[in-house]
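Q: Structure below; questions to follow.
The values are calculated or read from the model by the stated rules, or taken from the named source; none is laboratory data. Bear in mind the structure is a predicted one, so any value in this text is a computation, not a measurement. Cβ placement follows ideal geometry from the backbone for every residue including glycine, while neighbour counts extend to all protein chains displayed.
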Amino acid sequence: MNLINKKLCRGISILILLTLYMGLYFEATALDEMAVGEFHELEGGYSITVAEADVESGKAVFLLLKED
């Protein structure tokens, strides 16, 4: 019985994290354009910025920050 409770709690935790991630993802994709080093405020005290970008390879590094 204890094993079932652990698996259920783990599943619920993963579902909550995925829901939070998808919400932040959809909010970030609503932004039209982002420049390197420019911060954009998101809901829930989060902000996102592009740390570095390589136009030729199409790769970018994003930083997601949470205000304390």
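Q: Would you mention how many residues in the stretch 37-68 are more than 17 Å from the chain's Cα centre (by Cα) and surrounded by 11 or more Cβ atoms within 10 Å (Cβ to Cβ)?
A: Adding up the residues that qualify gives 1.
Q: Which residue pairs have Cβ atoms closer than 7 Å, lie 6 or more positions apart in sequence or on different chains, and pair a first residue in the stretch 5-23 that is within 30 Å of E41 (Cα to Cα) and modelled with pLDDT of 85 or more with a second residue that is in a helix (DSSP H, G or I) and among the acidic types (D, E)?
A: From residues that are within 30 Å of E41 (Cα to Cα) and modelled with pLDDT of 85 or more, there are no pairs.
Q: Still on this structure: Consider M34 against the criteria (1) outside any strand (DSSP E or B); (2) at pLDDT 80 or above: it satisfies all of them except one. Which criterion is unmet?
A: Against the list (1) outside any strand (DSSP E or B); (2) at pLDDT 80 or above, M34 comes up short only on (2).
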